[in-house]
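Read-outs: derived from the displayed coordinates by stated rules, not from any lab. Computed from a predicted structure; not experimentally measured. Cβ atoms come from the backbone with ideal geometry, glycine included; neighbour counts cover every protein chain shown.
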Amino acid sequence: MKLSTRGDYAVRALLELATSVDQEWMALAELAERTGISPKYLEQILMRLRTSRVVKAKRGARGGYALARPAGDLTIGEVVRVMDGPLAPSLCASRTAHAACSVYRCPSEDDCVLRGLWVEVREAISQVVDVTTFGDLVERRRLQESTQRAMYHI
């Protein structure tokens, strides 16, 4: 699995939305500035996330974008799949594109050593991204910031 720039940017943007005070609405321009992502590209990403009901949008002077549900209920894996598709490093190990084995002309997918390896890789990735929520990342960020503030510099 290779995380695309689009997937990486989606995770960054959602972390900023999750970190915002009381998950208030954040304007596209502010979100773009905080993440360092071009507003046009970020808008495309947010449109896709909105279609998938990951974020919600509100028009007007006090509008912008916000998470569609609490940060603790939204996993990194869900967002990566929305942006990049299956987590499998090979199509033959994908749960959704499993028919690819016939395309690759595997002699017998039941005892295919490579498929077994790619399924293990997919499962290892899933074990991390499917249990890590944006709430977890917000907490990690807070801990990191408090640790940095506690350091003494001479």
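For the reader, a short list of remarks on this structure follows.
- Residues whose placed amide H lies under 5 Å from that of VAL55, excluding near-sequence neighbours: ARG50, ALA68
- About the centre of its Cα atoms, segment 35-99 shows a dipole size close to 380 debye [charges on the beta carbon of Lys, Arg (+1) and Asp, Glu (-1) only; nearest 20 debye].
- For segment 71-81, backbone phi angles converted through the Karplus equation (6.51, -1.76, 1.60; θ = phi - 60°) give residue-by-residue couplings of 4, x, 9, 10, 8, 5, x, 4, 5, 4, 5 Hz, Gly and Pro being listed as x.
- Looking at segment 1-97, the GluC sites (Glu not before Pro) that sit in a DSSP loop and have at most 12 other Cβ atoms within 10 Å of their own Cβ are GLU24.
- At most 10 other Cβ within 10 Å, DSSP loop - trypsin sites (Lys or Arg not before Pro), segment 1-57: LYS2, ARG53
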